[in-house]
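Okay, structure first, notes after.
The values are calculated or read from the model by the stated rules, or taken from the named source; none is laboratory data. None of the values given here were measured: they were computed from a predicted structure. All Cβ positions, even for glycine, are placed from backbone atoms using ideal geometry, and neighbour counts span all protein chains on display.
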Amino acid sequence: MGVAVPPAGNRAGGSPGSDPAGLADAPGNPFAGADARPHVEGDFAREEVALANRNPGMPLEALRHDLTPQGLHYLLSHFDIPAVDAEAWRLSLGGHVQAECSVSLAQLKQMPTRTLRVTLECAGNGRAGMSPRYPSMPWIGEAVGTAEWTGTPLRCLLEQARPTLLASEVAFLGLDRGFDRGIEHHYGRSLKLEHAMSDDVLVVHAMNGLPLLPQHGHPCRLLVPGWYGMASVKWLSRIEVLDRPFDGFQQAVGYHYRKSAADPGVPVTTLRVRSLMVPPGIPDWYTRRRLVEAGPVESGGRAWAGGGAPVTRVEFAVDGQWRDARLAPAGEHRYAWRAWTCTWEATPGEHLLQCRAHAADGSVQPLQPDWNTSGMGNNTVQSVQVTVR
């Protein structure tokens, strides 16, 4: 009753970051040695530019929207976007359960439904601001978006399958497949059973009231509110209830905070507290430097935190002088970003604008990044250089 992952020759196991079976160097593997990615400083590599071309971020001026339009929401796809026939698609659930089952899209839509407003952010958001940099998707700060997601609580499916007393973890497998660091696998992640049984973890089929677009996981994806986006598996095809920790590559090897290659690391889970501002004034086309007219200027943006913890305070600074911004009412959406505004007097010359969020759990955005080998979770204070005329 093992997990439905690729055959043993395509699975990651052992210590995080290791390859005990020599799979990455196995005969016939065209990507042997692909894990050799030394950290770099300076310009982006051609491969990073290619990744940026297929994984768009949200333009920061879209922070003005409470809900990010579908076409502006950030995207990250590890492998190719699979072609899925929604009529033929089925979601299967098995493993350590008393009643294996599968459901069609039509059947899923007939089950209890919830809609949640959730801010999703890529765990690598801000990677470009770390030095030396790990060669990967070169996010600066635009890997975020907020949508209203509609779907069925995962708990309803699990209760239908009835996990056995041995069940401890739930794995989620997508239809997307490829190589990462020399290992071939389907994208997959897992949650502890108690977390998977939360009413807020959804199997979603709609985004902002519309069917999921192909790039957002059509026809169905997982949604794990309060966590970085890697947990919300797209193109969901298989749910497997396990009696042990899931050893899929993206769970056991990828998405860890590590200080060195030998460090077993700490798994990446919930979002770190963060704020971003709408770029003020108007931009230069190439450098994106900002030009602002002298006089009173109202700046604003959004702030969010992880695990449903509310943002309690946002500060705004001009040339290092911090003041409290005005926070919009918290409202009912515990997993969604919160608007903030601050008025400042723009005087001619060069100025540095910054914003910093605080959360109810005591966390505060740092002024310097907490460096790790994969460039994950960089929630450093945002800085925007402006010229005032």
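When the range 372-386 is filtered for residues that are under 18 Å from the mean Cα position of the chain (by Cα) and either charged (D, E, K, R) or at negative phi (or both), the ones remaining, listed by number, are N372, T373, S374, M376, N378, N379, T380. Counting only residues that are part of a strand (DSSP E or B), farther than 19 Å from S383 by Cβ and touching a Phe, Trp or Tyr at 6+ places or on another chain (Cβ under 6 Å), the range 308-357 holds 1 of them.
Close Cβ contacts (under 7 Å, 6 or more residues apart or on different chains) running from residues in the range 176-200 that are over 20 Å from R155 (Cβ atoms) to residues that are acidic (D, E) and at pLDDT below 95 comprise R181/D35; G182/D35. With respect to the numbered conditions (1) without any contact (Cβ under 8 Å) to a residue 60 or more places away in the chain; (2) of a type outside the set (D, E, K, R); (3) closer than 24 Å to A88 by Cα, which one is the sole condition not fulfilled by L210? Just one mismatch for L210, condition (1).
Residue-by-condition table, conditions (1) at pLDDT 95 or above; (2) in contact with a Phe, Trp or Tyr (Cβ under 7 Å, 6 or more places away or on another chain); (3) within 30 Å of A303 (Cβ to Cβ):
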residue	(1), (2), (3)
A21	no, no, no
D25	no, no, no
N29	no, no, no
D35	no, no, no
N55	yes, no, yes
Q70	no, no, yes
I81	yes, no, no
D85	yes, no, no
A88	yes, no, no
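Taking the stated definitions as given, is R127 under 23 Å from the mean Cα position of the chain (by Cα), at pLDDT 95 or above, under 23 Å from N378 (Cα atoms) and loosely packed, with under 14 Cβ neighbours inside 10 Å? Criteria not met by R127. The residue that is nearest to the chain's Cα centre (by Cα), counting only those in the range 267-307 that are of a type in the set (A, V, I, L, M, F, W, C), surrounded by 14 or more Cβ atoms within 10 Å (Cβ to Cβ) and not in a loop (DSSP other than H, G, I, E, B), is W304.
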